[in-house]
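What follows is a short report on a single structure.
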Amino acid sequence: MQKANSHYAWSSPPTVLDLQSHQVDIWRVHLDLPIGTLGQLEATLSEDESQRAAHFHFPVDRDRFIAAHGCLRDVLSRYLYCEPGQLGFSANHYGKPELNDHKLQFNLSHSGDFALVAVTQEHRVGIDIERIRQGISSQVIAQQYFSKSEVAELQALPLELREAAFFTCWTRKEAYIKAQGLGLSLPLESFDVSLVPNEPAILRATRPDPQEASRWMLHSLQIDSNHASAVAVESEGLEFRLWDWNINY
Ligand SMILES: CC(C)(COP(=O)(O)OP(=O)(O)OC[C@H]1O[C@@H](n2cnc3c(N)ncnc32)[C@H](O)[C@@H]1OP(=O)(O)O)[C@@H](O)C(=O)NCCC(=O)NCCS
């Protein structure tokens, strides 16, 4: 497993993105948008997306869903030089969304008032963001979802590091699962990630094929102090570009 350079900063995107095959673009989106922007994005959604939005009980969740899916369309249309509303999606057997008629790879994650979108030309990619919730039973959840070596590493950490390490591990595992696109049919026990915060993100081991680990890059993303996030990409030696989304670009 390659180590990703962690010296990346969020910035405004250029007008022409020109995504190369060795690059991964990550878009950070603040989902609580002005009503006018939300209306613009809502107009680009498909019937299916609008129906899903309508099912949310609370308006805040509905609006964030619209923002996340509208931004996803806006982002992808910038690479494909088309109108956001023209894009068509389907899902693989495990629910991973894919573009119809285009090779561009992407993945979306949203939590609280943030969404992240990862885009590559041809590499499978998965991304995850989690709002850091205080007081959750991280030891109990870790026992259920993490591999044996991850649980042991978590328990060996000083107490004050465990909460951050738990969310670090969770987002790295989730990003890898999402990149593989196999849902939870990929057993969570079948791979190990590094989890100590601020140490390199590494896919340490994969089972039953140990070579699989060397084919992937993991990278943790700095969002803000309330969120943990990671991206997994199937390739080595990639360059990450971090863009802050704004409809006015
Ligand atoms: C379906 C799943 C993607 C949910 O992930 P999540 O963390 O709840 O949600 P995220 O916001 O990160 O991702 C959701 C988005 O991923 C995409 N997605 C859906 N199914 C997917 C799949 N099988 N693979 C990759 N991406 C998927 C969609 O764009 C979805 O957005 P939408 O729900 O608004 O349409 C899946 O990975 C899952 O159910 N995980 C279970 C959680 C778990 O046990 N994790 C253990 C980690 S240690």
For the residue 185, residue 148 Cβ pair and Förster radius 25 Å, calculated FRET efficiency rounded to 0.05 is 0.80
Could you point to the residue in 176, 202, 155 farthest towards the positive end of region 129-202's charge dipole, with +1 and -1 charges on the Cβ of Lys/Arg and Asp/Glu respectively? 176
Log entry: pair-distance distribution for region 96-164, C-alpha pairs binned every 10 Å from zero, whole % per bin is 17, 32, 29, 19, 4
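To the nearest 0.05, how large is the calculated FRET efficiency for residue 8 and residue 104 if R₀ is 22 Å and r is the Cβ-Cβ distance? Please list the in-between numbers first.
On the way: r = 21 Å, r/R0 = 0.96.
Once the sixth-power term is evaluated, E becomes 0.55.
Rg to Rh ratio, the chain, alpha-carbon atoms and Kirkwood radius? The partial results should precede the final answer.
Working: Rg = 17.9 Å, Rh = 18.6 Å.
We get a ratio of 0.96 for the chain.
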With contacts defined as alpha carbon pairs under 8 Å and 6 or more residues apart, what's the relative contact order of the chain in percent? 29
Go through region 114-130 residue by residue and turn each phi into a ³J(HN,Hα) via Karplus (6.51, -1.76, 1.60, θ = phi - 60°); whole Hz please, and just put x for glycine and proline. 10, 10, 10, 10, 10, 9, 9, 5, 8, 8, 4, 9, x, 9, 9, 10, 10
Sequence ranges 43-49, 122-128, ranked by mean other-Cβ count within 10 angstrom, highest first: 122-128, 43-49
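Using DSSP, restrict attention to beta bridges with both residues in region 2-244 and report what percent are antiparallel, rounded to the nearest 5. Kindly include the intermediate steps, with their values, before the conclusion.
Details: 30 of 39 bridges.
DSSP beta bridges in region 2-244 are roughly 75 percent antiparallel.
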Label-point separation in nm, residue 20 to residue 209, each point 7 Å along Cα→Cβ: 2.8
Any chance you could check the Cα centroid distance between region 21-38 and region 107-140 for me, in angstrom? 14
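If packing is taken as the average number of other Cβ atoms within 10 Å across a peptide's residues, how do 146-159, 56-69, 169-182 rank, most packed first?
Details: 146-159: 15.1, 56-69: 17.1, 169-182: 24.1.
The peptides rank, most packed first, as 169-182, 56-69, 146-159.
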Euclidean distance of C-alpha centroids, region 149-200 and region 203-242, integer Å: 11
When the chain is fully extended, how far beyond the present Cα-Cα distance does residue 155 get from residue 77, taking 0.36 nm per residue of separation? 23.6 nm
Inter-site label distance for residue 113 and residue 54 at 7 Å from Cα along Cβ, in nm: 2.9
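Mind checking the full-extension length gain between residue 225 and residue 247? Use 0.36 nm per residue of separation minus the Cα-Cα distance, one decimal, nm. Could you put the intermediate results ahead of the total?
Numbers: separation 22, 0.36 × 22 = 7.92 nm, distance 2.47 nm.
Roughly 5.4 nm would be gained on extension.
Rule-based calculations on the coordinates, nothing more; no lab input. Predicted, not measured: the structure shown is a model, and the values here were computed from it. Using ideal geometry, Cβ is built from the backbone for each residue, glycine included, and neighbour counts are taken over all protein chains shown.
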